[in-house]
1. Which residues, counting only those in region 31-61, are farther than 21 Å from Ala85 by Cβ and part of a strand (DSSP E or B)?
2. So, in region 18-30, how many residues would count as being surrounded by fewer than 23 Cβ atoms within 10 Å (Cβ to Cβ) and assigned to a strand (DSSP E or B)?
3. Working only within region 62-90, note down all residues that are more than 13 Å from the chain's Cα centre (by Cα) and either in a loop (DSSP other than H, G, I, E, B) or more than 18 Å from Pro117 (Cβ to Cβ) (or both).
4. Hey, Arg93 hits all of (1) within 17 Å of Thr23 (Cβ to Cβ); (2) loosely packed, with under 14 Cβ neighbours inside 10 Å; (3) of a type outside the set (Asp, Glu); (4) modelled with pLDDT under 95 but one; which does it fall short on?
5. Does Thr4 satisfy the condition of being surrounded by fewer than 21 Cβ atoms within 10 Å (Cβ to Cβ) and closer than 23 Å to Glu68 by Cβ?
6. Could you pull out the residue among Val118, Val76 that is more than 19 Å from Gly61 (Cα to Cα) and aliphatic (A, V, I, L, M)?
7. Looking for whichever is touching a helix residue (DSSP H, G or I) at 6+ places or on another chain (Cβ under 8 Å) and not aliphatic (A, V, I, L, M) here; the options are Trp24, Trp29. Which one fits?
8. Restricting the first residue to region 52-74 and requiring it to be closer than 17 Å to Ile98 by Cβ, which pairs with a second residue that is part of a strand (DSSP E or B) and of a type in the set (A, V, I, L, M, F, W, C) meet a Cβ separation below 6 Å and a spacing of at least six or different chains?
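The values are calculated or read from the model by the stated rules, or taken from the named source; none is laboratory data. All figures in this text were calculated on a predicted structure; none of them were measured in a lab. Quick reminder, even Gly has a Cβ in these numbers, built from the backbone with ideal geometry, and neighbours come from all protein chains shown.
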Amino acid sequence: MVVTAGIITHGGRVLICQRQKGTWGEYKWEFPGGKVEDGEDPRECLRRELKEELAIEPEIGPLLCRLEHRYPDRDVELIVFHIPAYTGEIHNRQFESIRWVGRDEIAQFDFLEADRPVIEAVARESLFGDRQ
């Protein structure tokens, strides 16, 4: 399964989202995004998913990383982009919770396993010079 994720930054913080009860990976934290549909470009997938999940029109920035992870019941290819800016106001349409956290706080949250290398990269990178 190919999925996208967006690292949305604002004011020195990054947006993280908690999966809902009753879903695969319930209550785990992740970055917003979703499953790439057949024939869909990953950037368009992320644009669609962020509109559906958060009601925003994102500026899709550079590709940050692409990695593969094997869970016991599925293989995931994760494609991660930086979202330096967006239009609209964020509304939580899908998650148990959403939070803005600083890079020094992000490692404290219980993320999905596939996101852990991304968290380490976010904690090291200078992604926080955004334009919001």
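1. Answer for region 31-61, where residues must be farther than 21 Å from Ala85 by Cβ and part of a strand (DSSP E or B): just Lys35.
2. Counting residues in region 18-30 that are surrounded by fewer than 23 Cβ atoms within 10 Å (Cβ to Cβ) and assigned to a strand (DSSP E or B) gives 2.
3. Pro62, Pro72, Asp73, Ala85, Tyr86, Thr87, Gly88, Glu89, Ile90 - these are the residues of region 62-90 that are more than 13 Å from the chain's Cα centre (by Cα) and either in a loop (DSSP other than H, G, I, E, B) or more than 18 Å from Pro117 (Cβ to Cβ) (or both).
4. Every listed condition holds for Arg93 apart from (4).
5. No: the conditions fail for Thr4.
6. After applying the criteria, what remains is Val76.
7. Numbers: Trp24 fails: touching a helix residue (DSSP H, G or I) at 6+ places or on another chain (Cβ under 8 Å).
Of Trp24, Trp29, the one residue that is touching a helix residue (DSSP H, G or I) at 6+ places or on another chain (Cβ under 8 Å) and not aliphatic (A, V, I, L, M) is Trp29.
8. As it stands, the answer is Pro58/Ile83, since those pairs meet every condition given.
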